[in-house]
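Here is the structure we will look at, set down as structure tokens.
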Amino acid sequence: MEDIPPTPLPRLNESVDTLRARLVYQSRKRGTLESDLLLSTFAKDNLSSMSEAEMREYDSLLDEADWDIYYWATGKRVPPQRWSNSEILKRLTFHAKNEGKVVRKMPEL
């Protein structure tokens, strides 16, 4: 049986700029250092080029538990069906592989 996804808070009339700023913050302030580093560097590298639809998908992903996101992105666990075809999760997984061996540190807020 698959976990039920969390229900996000409704954010009516949120502008794209406010959405992007909130996602930067939420990517950095997760609760685990591993997730903070992974998601904050992903946000730094990707948010500026994301469409609004992609940002909304990333926003939904951030509603998931930190360790779930981390394990899905690092390939330690298979994501649930609701994320199996997610382009954002695929991009995050590629980012987590760090094939360029980039030394990553927390970006400034």
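The values are calculated or read from the model by the stated rules, or taken from the named source; none is laboratory data. Only a predicted model underlies this, so the values are computations on that prediction, with no experimental measurement involved. Using ideal geometry, Cβ is built from the backbone for each residue, glycine included, and neighbour counts are taken over all protein chains shown. Protein only, heavy atoms only, side chains kept; ligands, DNA and RNA dropped before computing areas. Shrake-Rupley method; radii C 1.70, N 1.55, O 1.52, S 1.80 Å.
With the simple spin-label model, which puts each label point 7 Å out from Cα in the Cβ direction, the Lys97 to Asp66 separation comes to 2.7 nm.
Taken per residue, the accessible surface of the chain reaches 64 Å², heavy atoms only and a 1.4 Å probe.
Which shape class applies to segment 41-95: rounded if a/c is under 1.5, otherwise prolate when a/b exceeds b/c and oblate if not, where a ≥ b ≥ c are the square roots of the Cα gyration tensor eigenvalues? Note, shape of segment 41-95 comes out prolate. The lysine pair count for the chain, using Cα distances under 22 Å and pairs eight or more places apart or on different chains, is 14.
Charge dipole of the chain (Cα centre as origin; +1 on each Lys and Arg Cβ, -1 on each Asp and Glu Cβ, all else neutral): 400 debye, rounded to the nearest 20.
Percent of accessible area on the chain owned by carbon and sulfur, 1.4 Å probe? Before the final figure, lay out each step's value.
Working: 3780 of 7010 Å².
Carbon plus sulfur share of accessible area: 54 percent.
Cβ-Cβ distance of Arg77 and Glu54, R₀ of 25 Å, FRET efficiency by 1/(1 + (r/R0)^6): the value works out to about 0.60. Quarter the surface of the alpha carbon convex hull of the chain and you get the mean projected area, 7.1 square nanometres.
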